1. Under the condition of being assigned to a strand (DSSP E or B) and open to solvent by less than 40 Å² (accessible area, probe 1.4 Å), which residue from region 70-90 is farthest from residue 111 (Cα to Cα)?
2. Which one of these is in contact with a helix residue (DSSP H, G or I) (Cβ under 9 Å, 6 or more places away or on another chain) and not β-branched (Val, Ile, Thr): 19, 65, 45?
3. Go through region 91-115 and count every residue that is of a type in the set (Ser, Thr, Tyr) and open to solvent by 40 Å² or more (accessible area, probe 1.4 Å).
4. Quickly run through region 5-36 and pick out the residues that are over 24 Å from residue 117 (Cβ atoms) and either in contact (Cβ under 8 Å) with a residue 40 or more places away in the chain or small (Gly, Ala, Ser) (or both).
5. In region 30-69, what count of residues is obtained for those that are small (Gly, Ala, Ser), at pLDDT 95 or above, assigned to a loop (DSSP other than H, G, I, E, B) and open to solvent by less than 70 Å² (accessible area, probe 1.4 Å)?
6. For the list (1) in contact (Cβ under 8 Å) with a residue 40 or more places away in the chain; (2) over 13 Å from residue 24 (Cα atoms); (3) in a loop (DSSP other than H, G, I, E, B), I need the number of the one condition that residue 101 fails.
7. Being out of contact with any Cys (no Cβ under 7 Å at 6 or more places or on another chain) and modelled with pLDDT under 95: is that true of residue 88 here?
8. How many of the residues in region 1-29 are part of a loop (DSSP other than H, G, I, E, B), open to solvent by less than 50 Å² (accessible area, probe 1.4 Å) and at pLDDT 95 or above?
Amino acid sequence: QVQLVESGGGLVQPGGSLRLSCAASGSILSFNYMAWHRQVPGKEREWVAVISGGSTNYADSVKGRFTISRDNAKNTLYLQMNSLKPEDTAVYYCNYKQFRAYLNPIDAWGQGTLVTVSS
């Protein structure tokens with residue numbers, strides 16, 4: 001029912017910035033939970049940021065540097081990443097959750113976009 005496609009990843013120097021995008025299609029409810037996660041090979045996937053019900057929260061590792069937002073008219077989620085560090089290098093994934101009465105929840109993931117922070 002829901003498809004997510006991430007874009008905007010690439011190579012950036014430490015201290016630089018990138019903006020990731022996640023284009024959503026299908027039966028999207030704009031007020032539902034959307035989040036960014038990231039994963040380094042050999043490590044568990046790590047939650048990064050969430051936007052839900054008009055509020056946002058961030059992992060301590062990115063707080064003050066990353067900003068999550070969404071454009072409901074375009075069904076697009078964004079992650080603005082500033083002051084990037086080498087430890088931010090990972091594949092970043094978009095996540096959408098929709099809880100439904102008498103049905104299993106929708107839990108959709110994109111294919112990921114690679115962010116590399118290196119000199």
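The values are calculated or read from the model by the stated rules, or taken from the named source; none is laboratory data. None of the values given here were measured: they were computed from a predicted structure. Positions of Cβ are generated from backbone atoms using ideal geometry, with glycine treated the same way; all protein chains shown enter the neighbour counts. Please note that ligands, DNA and RNA were not included when accessible areas were found on the heavy atoms of the full protein model with its side chains. Shrake-Rupley method; radii C 1.70, N 1.55, O 1.52, S 1.80 Å.
1. 81
2. Exactly one of 19, 65, 45 is in contact with a helix residue (DSSP H, G or I) (Cβ under 9 Å, 6 or more places away or on another chain) and not β-branched (Val, Ile, Thr), namely 65.
3. 1
4. 24, 25, 26, 27, 28, 29, 30, 32, 33
5. 2
6. (1)
7. For residue 88, the condition - out of contact with any Cys (no Cβ under 7 Å at 6 or more places or on another chain) and modelled with pLDDT under 95 - is not met.
8. Counting residues in region 1-29 that are part of a loop (DSSP other than H, G, I, E, B), open to solvent by less than 50 Å² (accessible area, probe 1.4 Å) and at pLDDT 95 or above gives 3.
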